[in-house]
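The values are calculated or read from the model by the stated rules, or taken from the named source; none is laboratory data. As the structure is a computational prediction, the values presented were derived from the model and not from experiment. Here the Cβ positions follow ideal geometry from the backbone for every residue, glycine too, while neighbour counts run over all protein chains shown. For accessibility, only protein heavy atoms count, side chains too; no ligands or nucleic acids. Shrake-Rupley method; radii C 1.70, N 1.55, O 1.52, S 1.80 Å.
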Amino acid sequence: LPIYWKLLSEVPALEVLAMQRTYASGLDVAMLDATEAEYLRLAGRDDEAAAPAARALEAVRNWIDSGRPLPGGSDASWFANAARVAALAGERALALEWQTRALAVPVNIPFEQVGRDLALATAQRWLGDPDAAWALMEPYAGEHTAFLSEGQMLGLQPYYDALFGEAAGYRDYMARLRAEWGR
């Protein structure tokens, strides 16, 4: 296992996605396409992000339109991820529609709520509202959560800065965290 992690740490993220794609099928491919689009957009390569975002959106839309059962057992998380895909593809109205559907589904299991909220946070970021995105993420960040520990927040700060750096609440949170950790 340590060799695997060493390999992943030395391989660019897009190459890791390409490796994962060789073992994926169905909607897993669409989610990898969405992740590729997100990474490209975070890198400022919006033109390159358009094709994988469009592929992901087409697959998700086709699945929803088909009336097949939603995968994964959590309709709330599924529609939140669909909203994320639509936002990445620049389909604002569709992203908001799917976000509304995600929020309309009752969530009784905390893990499902986390999955829904994290996907909706990313959707909000790509819809251009980093403050709303951070407001969804903040309850899961910090020493008292199992989801976004302080160490993870600091260790992956460039990623989180790219996602939420425009949000005043995020900047305040990270300033407090850096001060507490002496960074």
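Of 92, 125, all but one fail to be open to solvent by 80 Å² or more (accessible area, probe 1.4 Å) and under 18 Å from residue 50 (Cα atoms); the exception is 92.
The single condition among (1) exposed (fewer than 14 other Cβ atoms within 10 Å of the Cβ); (2) touching a residue at least 12 places away in the same chain (Cβ under 8 Å) that residue 108 does not meet is (2). In the stretch 163-183, of all residues being of a type in the set (Gly, Ala, Ser) and modelled with pLDDT of 90 or more, the one that is most open to solvent (accessible area, probe 1.4 Å) corresponds to 179. Sub-6 Å Cβ pairs linking a first residue in the stretch 23-46 that is closer than 18 Å to residue 81 by Cα and crowded, with 19+ Cβ neighbours inside 10 Å to a second residue that is charged (D, E, K, R) and modelled with pLDDT under 90, at least 6 apart or interchain, are 32/21, ordered by first then second residue.
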